[in-house]
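One structure is given here, and the rest of the page talks about it.
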């Protein structure tokens, strides 16, 4: 072989440059094990969409928003699938940025009541114990918005951090909790087990950013191209899931654990509302920023540029 001849393997590598580089592994955290929104990522993984963009995903589940952003601060996660009000963590110094929108109004969030609570209407919640994931989380903020929407004082309910839906279900059964703010998936699951009833949705909160992608400052600085490819993979996954209902339901059920008929209900409610391109609605951002003030997380309104960036979107 002369010095101008390359081995066949090298020629193949040159012809297919994607094969010559190891895939970038991104650690992606989510604050709930069964949420449909986050389960959509599994569709992209199983269908090879992220792989097409040379991305491998390590999925990490933590209990609640606060622990997610603690994980970013500790350097143990790269991307967090979080909620709009989580931008309050950034304003308070968390080393991250919001990089894309997953979904807008919280059509997937419901008030659940314990099956034996005797609660028949929203009015009956006054003075009751309301479970949320963590203080300062999306579920906490929605509980406060319910009080405001009803014209109640800020302490009209006893809002209790429960950590996760499993703890809420156990507290319902034991009689230690009257109601909770939880996802549609959690509500259907608890209803099927006779643990809870679904009382009302939060569709009155609009505009809003129910779910947002966050990236650590570290991954933003060290591998911005991987973030761009991840988001391309995500939004291609959303397009695939919208066009292939049966596949999306089959794959997400492995995570949500819902029966087929309930999984279809969740798909029909949530899938059409998922963002197609990730760009931020500035009116919704304003509502989220006001939520930070409402919860006492901040005293003054932060600038958008300090909280979010669209640099990784097409």
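The values are calculated or read from the model by the stated rules, or taken from the named source; none is laboratory data. Since this is a predicted model, take the numbers as computed values, not measurements. No Cβ is skipped: glycine too gets one built from the backbone with ideal geometry, and neighbour counts run over all protein chains shown.
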Practice item. Name the residue, out of 93, 82, that is crowded, with 24+ Cβ neighbours inside 10 Å and modelled with pLDDT under 95. Key: 82
Practice item. Answer yes or no as to whether residue 285 is in contact (Cβ under 8 Å) with a residue 12 or more places away in the chain and surrounded by fewer than 17 Cβ atoms within 10 Å (Cβ to Cβ). Key: no
Check your understanding: Looking at (1) at pLDDT 95 or above; (2) surrounded by fewer than 18 Cβ atoms within 10 Å (Cβ to Cβ); (3) touching a strand residue (DSSP E or B) at 6+ places or on another chain (Cβ under 7 Å), which is the one condition that is false for residue 222?
Key -> (3)
Revision key, fill the gap. Of all strands (runs of 3 or more DSSP E) fully inside segment 85-136, the set with 3 or more residues that are closer than 30 Å to residue 218 by Cβ is 96-103
Exercise for review: Run down 114, 154, 123 and say which single residue is surrounded by fewer than 16 Cβ atoms within 10 Å (Cβ to Cβ), modelled with pLDDT of 95 or more and more than 29 Å from residue 238 (Cα to Cα).
Suggested key: 123
Review point. Restricting attention to segment 294-302, does a residue exist that is within 20 Å of residue 102 (Cβ to Cβ) and part of a helix (DSSP H, G or I)?
Key: no
Exercise for review: Looking only at segment 275-290, decide whether some residue is within 15 Å of residue 41 (Cβ to Cβ), modelled with pLDDT of 95 or more and not in a loop (DSSP other than H, G, I, E, B).
Suggested key: no
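Every residue, every condition in (1) in a loop (DSSP other than H, G, I, E, B); (2) at pLDDT 95 or above; (3) in the same structural domain as residue 298 (by TED's automatic domain parsing); (4) within 28 Å of residue 108 (Cα to Cα), yes or no:
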residue	(1), (2), (3), (4)
2	yes, no, no, no
58	no, yes, yes, yes
66	no, no, yes, yes
72	no, yes, yes, yes
77	yes, yes, yes, yes
Point to revise | segment 161-196 - residue that is under 21 Å from the mean Cα position of the chain (by Cα) and assigned to a strand (DSSP E or B) and, of those, farthest from residue 113 (Cα to Cα) | key: 161
Review point. What about residue 28, is it surrounded by 15 or more Cβ atoms within 10 Å (Cβ to Cβ), in the same structural domain as residue 83 (by TED's automatic domain parsing), at pLDDT 95 or above and more than 20 Å from residue 215 (Cα to Cα)?
Key: no
